Number of protein chains: 4
Amino acid sequence: MLFKKQKKLKVAVCGGSGYTGVELLRILHSHPYIEITAVTSEKSSGKKVSEVFPSLYKFDNYVYEHLNKEKLLDKADIFFCALPHGASQDTVDFFYKNNKIVIDLSADYRLVDPKIYKEWYGLLHKYTSTLKKSVYGLPEIYRNKIKKASLIANPGCYPTGAIIGLLPAVKNKLIDVSSIVIDSKSGTSGAGRKADLSVSYCEVNEGLKAYGVGTHRHTPEIEQELSFLAGKKIKVNFTPHLIPVDRGILTTIYAPLKKKITEQEIFKIYCKTYNKEPFLNVLKNNVFPNIKNVRGTNFCEMGLKLNKRTNTLIIVTAIDNLVKGASGQAVQNMNIMMGLDETTGLNNPALFP
Amino acid sequence: MLFKKQKKLKVAVCGGSGYTGVELLRILHSHPYIEITAVTSEKSSGKKVSEVFPSLYKFDNYVYEHLNKEKLLDKADIFFCALPHGASQDTVDFFYKNNKIVIDLSADYRLVDPKIYKEWYGLLHKYTSTLKKSVYGLPEIYRNKIKKASLIANPGCYPTGAIIGLLPAVKNKLIDVSSIVIDSKSGTSGAGRKADLSVSYCEVNEGLKAYGVGTHRHTPEIEQELSFLAGKKIKVNFTPHLIPVDRGILTTIYAPLKKKITEQEIFKIYCKTYNKEPFLNVLKNNVFPNIKNVRGTNFCEMGLKLNKRTNTLIIVTAIDNLVKGASGQAVQNMNIMMGLDETTGLNNPALFP
Amino acid sequence: MLFKKQKKLKVAVCGGSGYTGVELLRILHSHPYIEITAVTSEKSSGKKVSEVFPSLYKFDNYVYEHLNKEKLLDKADIFFCALPHGASQDTVDFFYKNNKIVIDLSADYRLVDPKIYKEWYGLLHKYTSTLKKSVYGLPEIYRNKIKKASLIANPGCYPTGAIIGLLPAVKNKLIDVSSIVIDSKSGTSGAGRKADLSVSYCEVNEGLKAYGVGTHRHTPEIEQELSFLAGKKIKVNFTPHLIPVDRGILTTIYAPLKKKITEQEIFKIYCKTYNKEPFLNVLKNNVFPNIKNVRGTNFCEMGLKLNKRTNTLIIVTAIDNLVKGASGQAVQNMNIMMGLDETTGLNNPALFP
Amino acid sequence: MLFKKQKKLKVAVCGGSGYTGVELLRILHSHPYIEITAVTSEKSSGKKVSEVFPSLYKFDNYVYEHLNKEKLLDKADIFFCALPHGASQDTVDFFYKNNKIVIDLSADYRLVDPKIYKEWYGLLHKYTSTLKKSVYGLPEIYRNKIKKASLIANPGCYPTGAIIGLLPAVKNKLIDVSSIVIDSKSGTSGAGRKADLSVSYCEVNEGLKAYGVGTHRHTPEIEQELSFLAGKKIKVNFTPHLIPVDRGILTTIYAPLKKKITEQEIFKIYCKTYNKEPFLNVLKNNVFPNIKNVRGTNFCEMGLKLNKRTNTLIIVTAIDNLVKGASGQAVQNMNIMMGLDETTGLNNPALFP
């Protein structure tokens, strides 16, 4: 579907009062070809967006409404769903079947195999035929499919950083895929916007902890995509950590090298792979990324090291979990689907410091 | 000077490796009518901007050069000077005398009276005739003068938050101006980008302190502008504090009421005064601002309270010290001088969280 | 009541799962003459203290129990009540009437006048005769009364920093008490331990705001004590702010001078007043305190400035809101009541950085 | 050497103005059998300790002096050396040869092989015979040797967390030692107290980065001790990260299991190994540690996970880098050497929040 720039695209945001929701609104606000026509929130329905998020002072005319699918249907051409896992199934299916463009930020349409979805999320998938139409929205792998898709399963925040970091190494069979370690550290916005003691300031500040060790739900998502890339089943060690910053995910990846290869050659393979990617930057000369440098952007920076002493490839990637890890990537996917320049609305440099 | 949008304005940033410098580059990067033609830094000359600030990855073609005034002269039409106090005097005078537009972010051309400059900054002003041509760049007061100016003294960060908060009250003679208390709290970027133990992480984090109590150099700047507004000499109690955040200034102002007046009436006066201001927002119903909601924006939010028990007006303002308190206001001034929409390049909502 | 050191004092902590509760346990743990015999919590009853607070790993034998007054009565000689305002009334009265030593950390027994309590807390005081027996537990004012008391109303965190800062000035009639401004900034632990969006990490971090402007409940407490000191009714402007640190309150106080007096003379009056106070430190030579330097201690540091330009006295005090502002002061009061060295268990230097 | 408690041990701190120095002073201040007789600092000599560190207000009588070895010799029985790497060689050798007890917090006497020291630190070891007398001060391995030693090489912060985490697994041959991954995250105090842009607040706050990837100097120290435990040469992947907190190191360790074994059995092995260790706590039931819970303590907490999907053992340890990772462990070593209860002066619970 190619977009004619004469008139603006009508966009609805379902689930607009969480952190990915407010980030979507922030990004869409600066998008020149977009018009937001509806924003839903169950908790905040009836309230102005600018009241719930004073940072969105320009949204003085937007009022949260209940997610009434039938009522919303005619309001928009494109539906971003930033709903909780599980809750997204119905809504996405409904808009998809009514010929709308749907970009789902939940996990509901990411896992190809409903059995794995059931295993990790404890839920039955009720729309397996719709699930089959879903395209995993990582442009660095699926750009061509995304162009033709009308249902996007927007990747999880951790999988984005992990898969981008590993893609060139797995695809080019540089590493032994049987013992990959993915150690991720995420800012607290990744835990969502909620009244919960575990994310209260005095519990998180000056702290650091691992969580979901060996059991985090992003594991099968990472494994699915790496397995596709490798052409065989891969299992990974993935450990997320909670760090006292608002935004950002740093992912440190370790994998034994399979080939005889120099660091310089690896660097070239990474550069070649990501050469034309508008949001990826492979850092040179043992420079490693800092989440602070990508804050508020759709950028992913990465650094590489061949540890000769252990013959291990170490890759470090940095993204903003709310942008490239969620809402920015969602807009990137929309741009691709609409035939727009992929970076539209996503060009701002990071806010530093 | 009205700007024809056909071709881009050539802009040079003198002193582009401090926090106000990098913020200028960030904002100018998204400005549609601007082309950056030179960036100077003494410490970092010869280095790429993107090497010093990886957050500015898009500035891969920009290399810091030494500030060679003669060499720079033909490169740009507009010169932003983000140089240290004192060091700015010569440079500003040179470009001004060579018929360039100059926006000075230092304090050198802010104080009308060179004696007061000498008293607080310990420096002789060598260009008093140029000083007379300078316009204090607070659009909320001097918009009409700014339109015709070619030398702008961009206000200090603390004065911006303090003067905007007091302007309607002073102008409308609501308060006793003889005992104003201005208690300000600033993020650490206000201290500049420097290798100094006093701003090192472990000294600032989890801390809070007052500094420059009764002696801070922004005091005479606040007093000058309030005195102009009041039509008589005003002295204020101004105390800055250092808080462990990157950005933001919250200013809490206390002044005894002179008139019998209701909170609602005061609110109306504030709203009327700032009605058409594109970057000012007077909050209703005892809502008070949070610096987090203006982070990365040129916005100033303020809240009001009439404390009837003490007959005191309490005003709280929030700005981002690097944007409305420095580089954003500088670009706002440039927009006004160039006849552009005042908000060009400054429309983004705050990055939250 | 003088304490024989041969056997340990039996102490119960009612309300031990909030931040003042856990801080009490931390301090009492290092107290040589104390044995904790009961800890209550409604939410966490049945759980080990070390499970709720892994930082208290040494409390592996303590299990939270419900607050059953009758059951608790024989378990302890001293009862610390760290219960919510209102909820404390009954419990305190019960233990007091049963001849126990009670140290109440709530506001219920602080305000001498039940009408003012009603006005600010919206609650009727049901035990006005017990209220009359209560001593306001600020040792710097009431040490002699505390020695003989068996019911202590432990001061609020903000009042502690404000009153200590103003005491010498008010007592010695240095200042015009009709226009005192008290601008306080508190760490987030002051808001209590709770699942609430307003104290969640991403809302507080990188933010700063004023709250309860002109209406905070600590106002009448500050006014009561200052009025006693001045010998006449005083009303103050008190504004609390929430800052992104765990602990600490910095209070900046402004008051017009009434007398002709030098800074040096004021300094001498402050030093003389606080000369023998074990936890107070008046800083010299325009040095001002930082909350970071008193973190985890019962210390209060203060700095002074006579602003000659405005004839205003500026006082800045720093305390740890959970120690001198709550649990540490409670233990200090217990030490005084028991005839122990006042600093017992409270001698540790600050944790820096 | 057994200590008679009648008189206090005389202790000198060489290099007392860094973060490990100030932490030593903080801990020693509460140590009942210690008297500090000298504190040195080159930068701050002549200044009061309490002036440089207002948190140490009780050290009003201590003045920093230059490190004059001859002059210091008679002042103390025990010398803590918290000097920079390299600078420690001479000083340690001098006091050791003069029959003093020396606890060296630098890396100079940790590596058994001077060639490896040369390789990683770029320095020749001038005192190889003294080096041979040095005992690596990790009580969990070398307690008996420490008892008889008079020169202790106090372990590095990262090695402490890594070795303690791996000890039971390596010793009991549970894991394949050829592909251990050690991913560590350290608070900023680990970088030392210095005026350096890289540790300035606005660079560190809201950021996260890896550094020294594959090249950090603590690598050979970890490898040395693990090799001793395994009885063969081990090389590890060790990546440190800088996190925006003051204190704490969280270390996440991954190693393939060699044996068929259940998580419960591993847990038992860990518990048995660390059963009698006064500062080690093995958490049960997939609970993982948080650095916040050990802040200010000499404690090391650890959690375990057997990831059955990948047959990998995951161990997470948390320490305070300035206490168990430096000054606390140094005092623990002193206690052991002096025949004191090992926990003397180290019993305080963590400061939480």
How big is the charge dipole of chain A about its Cα centre, in debye rounded to the nearest 20, if each Lys and Arg gets +1 on its Cβ and each Asp and Glu gets -1 on its Cβ?
1060
Please report, to one decimal in angstroms, the Kirkwood hydrodynamic radius of segment A:31-80 built from all distinct Cα-Cα pairs.
11.6
Please name whichever of B:66, B:41, B:151 sits farthest to the positive end of the charge dipole of segment B:41-180, dipole taken about the Cα centre and charges placed at Cβ: Lys and Arg +1, Asp and Glu -1.
B:151
Could you quote the convex hull projected area for segment D:1-120, Cα atoms only and averaged over all directions, in nm²?
8.1
Where N is the number of residues in segment A:218-288, Cα Rg divided by 2.2 N^0.38 Å:
1.33
Considering the options A:29, A:96, A:54, tell which one lies farthest towards the positive end of the dipole of segment A:1-97, charges being +1 on Lys and Arg and -1 on Asp and Glu at the Cβ, about the Cα centre.
A:29
Stokes-Einstein at 10 °C, 1.306 mPa s, Kirkwood radius from Cα pairs: D for segment A:278-334 in µm² s⁻¹?
131
With +1 assigned to the C-beta of every Lys and Arg and -1 to the C-beta of every Asp and Glu, and no other charges, what is the dipole magnitude of segment B:235-353 about the Cα centre in debye, to the nearest 20?
700
For the rotation taking B to A, I'd like to know which residue in chain B has the C-beta closest to the axis, plus that distance in Å.
B:351, 3
At what distance in angstrom do the alpha carbon centres of segment C:35-96 and segment A:192-242 lie from each other?
37
With an 8 Å Cα cut-off and a minimum separation of 6 or more residues, compute the relative contact order for chain A in percent.
18
Kindly provide the helix-only [θ] at 222 nm of the protein assembly as shown, computed as the sum of -39,500 (n - 2.57) over DSSP H runs of four or more divided by all residues, to the nearest 500 deg cm²/dmol?
-8500 deg cm²/dmol
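Peptides B:98-110, A:38-50: what's the order by average Cβ count within 10 Å, highest mean first? Mind dumping the intermediate values first?
Numbers: B:98-110: 23.4, A:38-50: 18.4.
Per-residue mean Cβ counts within 10 Å order the peptides as B:98-110, A:38-50.
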With the dipole of segment C:221-353 worked out from charges on the C-beta (+1 for Lys and Arg, -1 for Asp and Glu) around the Cα centre, which of C:248, C:331, C:269 lies farthest toward the positive end?
C:269
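Normalised by the empirical 2.2 N^0.38 Å for globular proteins, what value does the Cα Rg of segment B:119-202 take? Intermediate values should be presented prior to the final figure.
Numbers: Rg = 16.8 Å, N = 84, 2.2 N^0.38 = 11.8 Å.
Working it through for segment B:119-202, the quotient is 1.42.
Wrap a convex hull around the Cα atoms of the protein assembly as shown, take a quarter of its surface area, and give that in square nanometres. Walk me through the numbers before you get to the answer.
On the way: hull surface 206.0 nm².
The orientation-averaged projected area of the Cα hull of the protein assembly as shown comes to 51.5 nm².
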Taking each pair of different alpha-carbon atoms in segment A:67-114 once, compute 1/r for the pair, average those values, and report the inverse of that mean as the Kirkwood hydrodynamic radius in Å to one decimal.
10.9
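In debye to the nearest 20, how big a dipole does segment B:17-140 give about its Cα centre with +1 on each Lys and Arg Cβ and -1 on each Asp and Glu Cβ? Please list the in-between numbers first.
On the way: 16 positive and 16 negative charges, 36 e Å.
My answer is approximately 180 debye.
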Using just the alpha carbons, could you tell me how many Å³ per residue the convex hull of chain B encloses?
138
Give me the inter-chain shielding for B:181-191: mean count of other chain Cβ atoms within 10 Å, whole number please.
5
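Considering Cα pairs under 8 angstrom that are at least six residues apart, work out the relative contact order of segment B:81-197 and quote it in whole percent.
Values: 123 pairs, mean separation 25.8, N = 117.
Once normalised by length, the contact order is 22 percent.
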Could you give, in nm with one decimal, how far residue C:112 is from each other copy of that position, shortest first, with labels 7 Å out from Cα toward Cβ?
5.1, 7.4, 7.9
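Using a ≥ b ≥ c from the Cα gyration tensor of segment C:211-353 (square roots of the eigenvalues), is it rounded, prolate or oblate, where a/c under 1.5 gives rounded and otherwise the larger of a/b and b/c decides, a/b for prolate?
Values: a/c = 1.44, a/b = 1.31, b/c = 1.10.
Because its axes are fairly even, with a/c under 1.5, segment C:211-353 counts as rounded.
Of C:145/C:292; D:48/D:75; B:8/B:75; B:258/C:235, which sit over 20 Å apart, Cα to Cα? Before the final figure, lay out each step's value.
Numbers: C:145/C:292 32 Å; D:48/D:75 18 Å; B:8/B:75 13 Å; B:258/C:235 18 Å.
Violating the 20 Å Cα-Cα cut-off are C:145/C:292.
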Which values of log₁₀ I(q)/I(0), to two decimal places, follow from the Debye formula for segment B:188-256 at q = 0.14, 0.18, 0.19 Å⁻¹ with a uniform point scatterer at every Cα?
-0.54, -0.79, -0.85
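Can you figure out the FRET efficiency of residue D:228 with residue D:119, using R₀ = 22 Å and their beta-carbon distance, to the nearest 0.05?
Details: r = 18 Å, r/R0 = 0.84.
FRET efficiency, residue D:228 to residue D:119: 0.75.
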Computed lengthening from residue B:311 to residue B:197, 0.36 nm per intervening residue step minus Cα-Cα distance
36.7 nm
When chain C is treated as a GNM, springs tying every alpha-carbon pair under 10 Å, which of C:83, C:151, C:124 comes out with the largest mean-square fluctuation?
C:124
If I take every Cα pair under 8 Å that is 6 or more residues apart in segment D:6-72, average their sequence separation and divide by the length, what percent do I get for the relative contact order?
32
Provide an ascending nm list, one decimal, of label-point separations from residue A:126 to the equivalent residue in each further copy; define each label point as 7 Å from Cα along Cα→Cβ.
4.9, 7.8, 7.9
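Just the C-alpha atoms of segment A:101-246: what Rg/Rh do they give, with Rh taken as the Kirkwood radius?
On the way: Rg = 16.2 Å, Rh = 16.5 Å.
Here the Rg-to-Rh quotient is 0.98.
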Run through the other copies and list how far each one's label point is from that of residue B:211, in nm with one decimal, shortest first; the point sits 7 Å from Cα along Cα-Cβ.
2.2, 2.7, 3.5
Which values of log₁₀ I(q)/I(0), to two decimal places, follow from the Debye formula for segment B:76-174 at q = 0.18 Å⁻¹ with a uniform point scatterer at every Cα?
-0.83
Calculated from backbone phi, Karplus (6.51, -1.76, 1.60) coupling profile of segment D:40-52 in Hz, x at Gly/Pro:
10, 6, 6, 5, 10, 4, x, 8, 5, 4, 6, 7, 6
Show me, for segment B:64-76, the HN-Hα J-couplings you get by feeding each phi into the Karplus relation (A = 6.51, B = -1.76, C = 1.60, θ = phi - 60°), rounded to Hz, glycine and proline as x.
5, 10, 5, 7, 10, 4, 4, 5, 6, 3, 7, 7, 8
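Each value in this text was obtained by applying a stated rule to the coordinates, not by laboratory testing. Treat the numbers as computed from the prediction; the structure is a model and nothing was measured. Cβ coordinates were reconstructed from backbone atoms using ideal geometry, including for glycine residues, and neighbour counts include every protein chain displayed.
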